[in-house]
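Colleague: Here it is, the structure, as structure tokens.
The values are calculated or read from the model by the stated rules, or taken from the named source; none is laboratory data. Note that this is a predicted model, so its numbers are computed, not measured. Every residue, glycine as well, gets a Cβ built from its backbone with ideal geometry; the counts of neighbours run over all protein chains shown. Remember, those area values only see protein heavy atoms, side chains included, never the ligands or the DNA or RNA. Shrake-Rupley method; radii C 1.70, N 1.55, O 1.52, S 1.80 Å.
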Amino acid sequence: MPTRRPAAAPDLAELPGHLIRRAHQHAVAVFAETLGERELTPVQFAILQALDTEGDMTLTRLVDAIALDAATCGSTLDRLEAKGLVLRVASSDDRRRKHLHLTEQGRRLLALAWPAVRASQAQIVQRLNRGEQREFVRLLRKLIGLEQ
């Protein structure tokens, strides 16, 4: 009986999941290189920006706002709080629930970080022309369900 030849394995460079992982590695590396002196990670930046944009909020609301799991968000908040960038305050109506506040120091760091963040975002997509950059962002937004 003839043996079946296994199907050829797909080229990793054709697998969307593999390419997304590689793009994520690239984005994180560029962010770290550009913002290294600020000692700010992409997740920390997202938390600070969400608090600045939306104001004080609970952990549940923050998790929804930045699409991050509660455990990672909580441990990142611990580090931000230790640096004096975020403050957790017990709710006046339910002491078990904490409200997250961006401190003045957090606002200053965020303002100082924005030029480097913009530079890192431009560097991430520098191999694409302007039209491709807009289309890339549109497709990413569609992929994650932010657009139809």
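Colleague: Among the residues of region 84-97, is there at least one that is in a helix (DSSP H, G or I), farther than 30 Å from Pro16 by Cβ and open to solvent by 30 Å² or more (accessible area, probe 1.4 Å)?
Modeller: No, region 84-97 contains no residue that is in a helix (DSSP H, G or I), farther than 30 Å from Pro16 by Cβ and open to solvent by 30 Å² or more (accessible area, probe 1.4 Å).
Colleague: I've got another one for you. Listed residues Thr103, Thr41; which is at pLDDT below 95 and either touching a Phe, Trp or Tyr at 6+ places or on another chain (Cβ under 9 Å) or over 23 Å from Ala23 (Cβ atoms) (or both)?
Modeller: After applying the criteria, what remains is Thr41.
Colleague: Within region 70-86, track down each residue that is of a type outside the set (D, E, K, R) and either touching a Ser or Thr at 6+ places or on another chain (Cβ under 7 Å) or closer than 16 Å to Ala50 by Cα (or both).
Modeller: Matches in region 70-86: Ala70, Thr72, Cys73, Gly74, Thr76, Leu77, Leu80, Gly84, Leu85, Val86.
Colleague: Within region 6-23, does at least one residue satisfy the condition of being open to solvent by 60 Å² or more (accessible area, probe 1.4 Å), outside any helix (DSSP H, G or I) and touching a helix residue (DSSP H, G or I) at 6+ places or on another chain (Cβ under 8 Å)?
Modeller: Scanning region 6-23 turns up no residue that is open to solvent by 60 Å² or more (accessible area, probe 1.4 Å), outside any helix (DSSP H, G or I) and touching a helix residue (DSSP H, G or I) at 6+ places or on another chain (Cβ under 8 Å).
Colleague: Next question. Would region 133-140 turn up any residue that is under 25 Å from Arg22 (Cα atoms), part of a helix (DSSP H, G or I) and basic (Lys, Arg)?
Modeller: yes
Colleague: Please find, within region 31-59, the residue that is surrounded by the most Cβ atoms within 10 Å (Cβ to Cβ) out of those that are touching a helix residue (DSSP H, G or I) at 6+ places or on another chain (Cβ under 8 Å) and either of a type in the set (Val, Ile, Thr) or part of a loop (DSSP other than H, G, I, E, B) (or both).
Modeller: Ile47
Colleague: Would you point out which residue out of Ile47, Ile20 is more than 19 Å from Leu109 (Cα to Cα), of a type outside the set (Gly, Ala, Ser) and at pLDDT 95 or above?
Modeller: Ile20
Colleague: Using the structure shown, decide if Ala71 is touching a residue at least 12 places away in the same chain (Cβ under 8 Å) and either in a helix (DSSP H, G or I) or within 18 Å of the chain's Cα centre (by Cα) (or both).
Modeller: In short, no.
Colleague: Take region 99-125 and flag every residue that is open to solvent by 80 Å² or more (accessible area, probe 1.4 Å), touching a residue at least 24 places away in the same chain (Cβ under 8 Å) and more than 12 Å from Leu51 (Cβ to Cβ).
Modeller: The one that is open to solvent by 80 Å² or more (accessible area, probe 1.4 Å), touching a residue at least 24 places away in the same chain (Cβ under 8 Å) and more than 12 Å from Leu51 (Cβ to Cβ): Leu112.
Colleague: Okay, moving on. Just give me the residues in region 94-109 being touching a Gly at 6+ places or on another chain (Cβ under 9 Å) and either of a type in the set (S, T, N, Q) or farther than 23 Å from Thr41 by Cβ (or both), in sequence order.
Modeller: Residues satisfying the conditions are Thr103, Gln105.
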